[in-house]
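The values are calculated or read from the model by the stated rules, or taken from the named source; none is laboratory data. Bear in mind that the values here come from a model prediction, so they are computed numbers and not experimental data. Quick reminder, even Gly has a Cβ in these numbers, built from the backbone with ideal geometry, and neighbours come from all protein chains shown.
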Amino acid sequence: MAKTLFDKIWDAHVVREVAGGLTVFYIDRHLIHEVTSPQAFDELTARGLTLRRPGQIVATADHNVPTRHQDQPIQDPLSRSQVDKLTENCARFGVELYGLGHQYQGIVHVIGPELGITQPGLTMVCGDSHTSTHGAFGTIAFGIGTSQVTQVMASQCLLLDKPKRMRITLDGALRPGVTAKDLILYMISQLGTGGATGYFVEYAGSAIRGLSMEGRMTVCNMSIEMGARGGLIAPDATTFDYLAGRRFAPQGENWDRAVAYWQTLYSDEDAVFDAELQFDASAIQPMITYGTNPGMGIPLAANIPVLNGGSEATSFDKSLRYMGFQPGESLLGKEINYVFIGSCTNSRIEDLRTVAAYVRGKQKAAHVEAIIVPGSKQVEQQAIAEGLDKVLAEAGFELREPGCSACLAMNDDKIPAGAYCVSTSNRNFEGRQGPGARTLLASPLVAAITAVEGRLVDITQYLN
Amino acid sequence: MEKFQTLRSGVVPLPIENVDTDQIIPARFLKATTREGFGSNLFADWRYTADGQPKPDFVLNDARYQGHQILLAGKNFGCGSSREHAAWALYDAGFRVVVSSYFADIFRGNALNTGLLPLQASDEVLQGLFAVVAQDPQAALTVDLQAQTLTVPDWTEAIHFELDPYKKECLINGYDDIDFLISQEAAITAFEQQQSWVF
């Protein structure tokens with residue numbers, strides 16, 4: 001019977017079906033970090049359990065870590081205690097930890113792929129909703145809560161009901177200045193933040209095929225922002241080229257066997273999806289968000305919509321009040337004080353190259369604070385090796401050390417109340433970047449141009 | 001996990017859609033390493049001013065709704081982050097049921113694993129419930145988990161709600177998934193021995 005890509009991987013991981021339609025579902029790789037794991041380790045201990053497969057877990061410290069002076073003890077006592085707890089737990093339970101100071105440390109969803117831990121056909125989980133990122137490799141990857149972290153630790157399995165399958169096809173050539181981030185912001189603006197709730201989404205079509213792995217990760221990363229359990233892209237030559245030679249990717253004969261298997265991972269031609277959507281990628285423009293959820297996105301040069309009543313009106317008004325915007329107005333010309341380039345959405349080497357290429361020989365506007373937080377130590381080292389650090393420094397951008405940083409402001413990297421920040425991260429929720437902070441989500445290119453201009457502009461006028 | 005069987009309680013109305021987990025419990029409060037104590041920071045940025053004073057216009061600070069254990073919220077409740085701390089915060093603050101017209105997937109699972117019932121009602125029922133509470137802030141609803149019904153004062157028929165039968169048994173008996181998964185040891189080991197996709 002014809003199967004979707006999702007079905008092929010799902011079916012291969014069913015340990016058994018149990019009464020009521022639930023599945024005992026096997027997890028190949030488990031990523032953990034300091035915020036959502038301590039209670040899980042404690043629960044294991046309280047129940048007298050241990051890790052079933054410690055070798056299938058990889059840990060890093062990312063959410064809480066400072067992005068300056070990582071060689072020194074963490075100043076915030078609560079953050080330090082959480083990171084210390086991770087170190088203790090990993091030592092006690094025998095888990096590989098890429099902690100602060102390690103050459104592989106970084107945002108959990110950046111290091112998995114760059115180390116070749118993420119591979120096609122696997123199942124991966126992490127106590128973090130942006131685990132969907134790994135779906136870019138043709139991997140069933142999704143975020144879980146701490147109780148589920150405990151379950152995977154104890155049994156290497158989860159008890160799940162099978163999500164529905166959706167395919168979104170994006171065909172057409174991208175316009176100048178349009179990037180993977182714009183594609184996903186566009187899709188979320190069309191579906192809304194709950195539009196894919198209950199689904200696993202496969203992204204297909206020529207516009208997706210044409211993306212680099214970094215771009216594909218950006219798209220899959222924000223699947224959760226339309227409510228999807230995860231996103232998936234069928235692996236192809238781009239995927240295999242990216243993985244070849246990575247630290248934990250298969251080597252030698254194993255590589256050939258792996259690729260032969262990975263090449264079977266695609267949706268059969270007559271496979272049936274529970275929902276299918278098509279978009280014309282050539283019509284998509286550079287995007288930005290104006291509100292307080294990622295579904296409130298518009299083309300940068302368009303006006304904020306005007307809503308006529310409905311159950312959404314209260315939330316919409318509350319959102320615009322928070323942002324200090326009016327229905328129907330244009331965002332062009334709005335002064336911006338902060339630009340944040342980073343997060344598991346857009347902190348990879350390609351993102352840093354995009355920013356550096358634009359700002360080379362230019363200066364950020366005097367009133368803008370522009371920080372770039374690389375996704376990992378490896379991204380940071382690569383940027384330095386390519387001389388991007390100097391280009392960025394000369395343009396007035398500050399290149400920090402790796403971590404989640406101002407995406408969720410658990411560390412000191414906060415945007416002040418009332419200030420506007422153009423951010424390459426994934427959520428513009430109220431207070432996400434600090435209490436009262438006003439976040440506008442956009443691509444690294446839009447962020448770079450905004451930093452230089454000091455205000456929102458129609459970027460299509462600024463491209464070579 | 002505590003058992004959940006029936007609950008009769010007043011309601012706290014929060015007619016906002018897409019309430020995300022960053023509102024339920026902002027990230028800066030996630031630094032604790034235990035499960036307890038998140039309730040005092042539930043909806044922290046909507047509930048308190050920057051200097052920690054209660055905002056009088058937020059519903060959790062409204063004397064009429066104190067002690068109510070059912071949260072009534074707009075559609076797509078719990079979207080965003082996977083932080084189970086959101087469910088812990090609601091539970092710790094005394095909530096046992098959240099009623100909405102739909103829930104984000106991860107939040108729903110986290111709530112069920114915490115002993116907090118995510119009760120999904122139709123949009124029409126949800127709007128009807130908001131109207132009931134607007135008229136009488138003390139209106140008490142009855143949730144009967146065994147019967148899967150929500151009883152509303154002056155409504156002639158109880159509202160039926162759906163719930164996975166396994167999850168229902170777990171809530172009623174206070175069980176969680178770990179015991180069940182561990183009991184599957186033999187099947188999991190057999191499965192691991194025939195894995196062919198790990199290279």
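Observations on the model:
- Taken over the range A:1-37, the criterion of being assigned to a helix (DSSP H, G or I), facing chain B (nearest Cβ under 9 Å) and surrounded by 15 or more Cβ atoms within 10 Å (Cβ to Cβ) is satisfied by A:ILE9, A:ALA12.
- Residue in the range B:15-26 that is in a loop (DSSP other than H, G, I, E, B), away from chain A (no Cβ under 14 Å) and surrounded by 14 or more Cβ atoms within 10 Å (Cβ to Cβ) present: no
- Reported count of residues in the range A:161-191, each being within 9 Å of chain B (Cβ to nearest Cβ) and modelled with pLDDT of 95 or more, is 1.
- For the range B:149-165, the condition of being out of contact with any Pro (no Cβ under 7 Å at 6 or more places or on another chain) and within 8 Å of chain A (Cβ to nearest Cβ) holds for at least one residue.
- Set side by side, the residues B:SER122, B:SER100 differ, and just one is buried (at least 22 other Cβ atoms within 10 Å of the Cβ) and more than 9 Å from every other protein chain (Cβ to nearest Cβ), which is B:SER100.
- Residues that are among the aliphatic types (A, V, I, L, M) and buried (at least 22 other Cβ atoms within 10 Å of the Cβ) were ranked within the range A:60-82; the one that is nearest to A:LEU31 (Cα to Cα) is A:ALA61.
- Selected residue (only one of A:HIS102, A:HIS109, A:HIS69, A:HIS63 is outside any helix (DSSP H, G or I) and within 14 Å of chain B (Cβ to nearest Cβ)): A:HIS63
- Flag if B:TYR48 is touching a Gly at 6+ places or on another chain (Cβ under 8 Å) and not basic (Lys, Arg): no
- Filter result for A:ILE284 (more than 14 Å from chain B (Cβ to nearest Cβ), at pLDDT 95 or above and surrounded by fewer than 20 Cβ atoms within 10 Å (Cβ to Cβ)): no
- Residues that are in contact with a His (Cβ under 8 Å, 6 or more places away or on another chain), not β-branched (Val, Ile, Thr) and not in a helix (DSSP H, G or I) within the range A:123-142 comprise A:MET124, A:CYS126, A:GLY127, A:ASP128, A:ALA141, listed in sequence order.
- Top-ranked residue of the range B:153-186 - restricted to ones that are part of a loop (DSSP other than H, G, I, E, B) and charged (D, E, K, R), ranked as farthest from A:THR23 (Cα to Cα): B:ASP154
- The residues of the range B:53-77 that are in a loop (DSSP other than H, G, I, E, B), touching a Leu at 6+ places or on another chain (Cβ under 9 Å) and either closer than 28 Å to A:VAL125 by Cβ or within 9 Å of another protein chain (Cβ to nearest Cβ) (or both), listed by number, are B:GLY74, B:LYS75.
- Residues considered: A:ALA91, A:ALA40. Of these, the only one that is assigned to a helix (DSSP H, G or I), within 13 Å of chain B (Cβ to nearest Cβ) and of a type outside the set (S, T, N, Q) is A:ALA40.
- Evaluating A:VAL219 against the criteria (1) in the same structural domain as A:HIS130 (by the TED database); (2) in a helix (DSSP H, G or I); (3) surrounded by fewer than 24 Cβ atoms within 10 Å (Cβ to Cβ); (4) out of contact with any Ser or Thr (no Cβ under 9 Å at 6 or more places or on another chain) leaves one unmet condition, (3).
- Scanning the range A:320-351 for residues that are without any contact (Cβ under 8 Å) to a residue 40 or more places away in the chain and either more than 30 Å from A:ARG400 (Cβ to Cβ) or hydroxyl-bearing (Ser, Thr, Tyr) (or both) turns up A:LEU320, A:ARG321, A:GLN326, A:PRO327, A:GLY328, A:GLU329, A:SER330.
- Note on the range B:4-14: among residues that are under 23 Å from B:ASP57 (Cα atoms) and touching a Gly at 6+ places or on another chain (Cβ under 9 Å), the one that is surrounded by the most Cβ atoms within 10 Å (Cβ to Cβ) is B:LEU14.
- Contacts under 9 angstrom Cβ, first residue in the range B:106-130 being of a type in the set (Val, Ile, Thr), partner modelled with pLDDT under 95, 6 or more apart: B:THR114/B:MET1; B:THR114/B:ARG35
- A:GLY195 within 12 Å of chain B (Cβ to nearest Cβ), assigned to a loop (DSSP other than H, G, I, E, B) and surrounded by fewer than 22 Cβ atoms within 10 Å (Cβ to Cβ): yes
- Residue list for the range A:303-325, filter: surrounded by 13 or more Cβ atoms within 10 Å (Cβ to Cβ) and either within 16 Å of B:LYS75 (Cα to Cα) or β-branched (Val, Ile, Thr) (or both): A:ILE304, A:SER311, A:GLU312, A:THR314, A:SER315, A:PHE316, A:LYS318, A:SER319
Yes/no per residue for (1) touching a residue at least 12 places away in the same chain (Cβ under 8 Å); (2) outside the structural domain of A:ASN64 (by the TED database); (3) more than 20 Å from A:GLU34 (Cβ to Cβ):
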position	(1), (2), (3)
A:GLN378	yes, yes, no
A:GLY387	no, yes, yes
A:VAL391	yes, yes, yes
A:GLU398	yes, yes, yes
A:ILE415	yes, yes, yes
A:GLU430	yes, yes, yes
